[in-house]
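This report concerns only the one structure given below.
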Ligand SMILES: [Zn+2]
């Protein structure tokens, strides 16, 4: 994750007498940090580094900032191989073998992390206008070899490979058709995320900053038979707005720009679900919300990273509405002090509520004194 600089960080730097002219290359500035720099007459220099851009250290040497690694597979539009011979040659070409190896590696990582059980889970990578690499059916994802990988077209018809393709490839293809940015999909049954899917509880938002930046809002679709056209239709409908989707009574499906990116998203999903579950056992079930104002910073960071967010433009009070989260957990904690000085601007506070809060606080303080 790139360094993210907030308004508070800049104020801290100022306090310590540090210059705001030399922010780390590649750092992302939150909107309030940018506003502060502008108000000080400084250009926001912490914009994302372009591959190969340079930063000059004080000694005058120039360090060439290395470009970010990019695993996205880019095919030539209209250039799919035609005819069995050409398709087989493509399927065994070095660039496709590299992707097959990556799928095997991801399968092993999923199995090691308990994201898949038995022969469950599947992985796909789009490699052409009408071609998708996919894992085979009835195989442990922890013990695949590159030769096990299959090739199908966007109707799910198998084009190459020595084993039959997964029956769930249609769901992956439906996502790819609905969301062209989805170049790779991963499906698994990670226990914590799947527990939310089994309980039909959408994980609440505004709690885990990492998940908020890289996943946005996690989606959920009602139960349909795995591999059926109904589940494919339901998932395709919400995929453009959700890169991570819980499948009721089944598991999780995620999409990314490449297979590594998709894998990170299933890890992010599982970690967020596990963390929220553990946190909901602490502090009497009271979870601290990031809050609408700070969530707007996160949505701005997502946009800077090239990820759209359907919540963009929502009001602060609408951003963290977790009223549907049901395991008896309150997602917003705001003590009287935070209410007085926290992120509710004075003109938006309810004077009657303030009075009640003050009365309760005074009573508690009096009782503590008398105790
Ligand atoms: Zn499954």
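Quick one: order 138, 133 by neighbouring beta-carbon count within 10 Å, fewest to most.
Neighbour counts put them in this order, fewest first: 138, 133.
Which of 187, 250 has the fewest other C-beta atoms within 10 Å, and how do the rest follow up to the most?
250, 187
Calculate I(q)/I(0) for the stretch 84-284 by the Debye formula, one identical point scatterer on each C-alpha and no solvent, and give its log10 at q = 0.18, 0.19 Å⁻¹ to two decimals.
-1.19, -1.32
In what order do 208, 243 fall by count of nearby beta-carbon atoms within 10 Å, going from fewest to most?
Least crowded to most crowded, the residues run 208, 243.
What FRET efficiency comes out for the pair residue 129/residue 249, r = Cβ-Cβ distance, R0 = 30 Å, nearest 0.05?
E between residue 129 and residue 249, to the nearest 0.05, is 0.30.
Mind ranking 188-198, 282-292 by how tightly packed they are, going by the mean number of other C-beta atoms within 10 angstrom, highest first?
Taking the mean over residues of other Cβ atoms within 10 Å, the ranking is 188-198, 282-292.
Post the alpha-carbon centroid distance, the stretch 116-189 to the stretch 273-288, in whole angstrom.
35
Quick note: the coordinates plus some simple rules give every number you see, no bench work behind them. Note that the structure is a prediction, hence the values are computed from the model and not measured. Cβ: placed from backbone, ideal geometry, glycine included. Neighbour counts: every protein chain shown.
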